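Contents: one structure, followed by commentary.
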Amino acid sequence: MLVAIMCHDKPDHLEVRKENRAAHLAYIERTGVVKMAGPLMDSNGLMFGSLIVLDVDSMNDAEQWAANDPYSKAGLFEQNRIHEWNKVIG
């Protein structure tokens, strides 16, 4: 199943994002369930959140993946929404 994770960073946490980015990218590579991902950008071109699409067996797997993401463990996110996603185009 495909699952979309939409995350918004806490205000003034860009440095937390930068400090944990390498660990986050390594986690993506190591787990092998991310189909596409990237940062959300504000009008100044600065990262303020993430969109991640996972291919997992269950919502529980997606929730566990999100909880173990180094960004989550570092307390980066103010909001984290996880929804099953139906790919229609692309």
(message) Taking the criterion of being exposed (fewer than 14 other Cβ atoms within 10 Å of the Cβ), within 9 Å of the chain's Cα centre (by Cα) and touching a residue at least 24 places away in the same chain (Cβ under 8 Å), would at least one residue in the range 42-54 satisfy it?
(response) yes
(message) Within the range 68-88, take every residue that is among the hydrophobic types (A, V, I, L, M, F, W, C) and over 10 Å from the mean Cα position of the chain (by Cα) and give me the one that is nearest to Met47 (Cα to Cα).
(response) Leu76
(message) I need the full set of residues from the range 17-37 which are under 17 Å from Ala62 (Cα atoms) and surrounded by fewer than 11 Cβ atoms within 10 Å (Cβ to Cβ), in order please.
(response) Glu29, Arg30, Gly32
(request) Name, by its number, the condition in (1) at positive phi; (2) surrounded by 15 or more Cβ atoms within 10 Å (Cβ to Cβ) that does not hold for Asn80. (result) (1)
(message) Looking at the structure I just gave you, is Ser58 exposed (fewer than 13 other Cβ atoms within 10 Å of the Cβ) and touching a residue at least 40 places away in the same chain (Cβ under 8 Å)?
(response) yes
(request) Could you grab me the full set of residues in the range 62-71 that are surrounded by 15 or more Cβ atoms within 10 Å (Cβ to Cβ) and more than 13 Å from Ile52 (Cα to Cα)? (result) Pro70
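Values in this text are rule-based calculations from the coordinates and carry no lab data. Quick caveat, the model's predicted, so the values are computed rather than measured. Note that we place each Cβ from the backbone using ideal geometry, even for glycine, and neighbour counts take in every protein chain shown.
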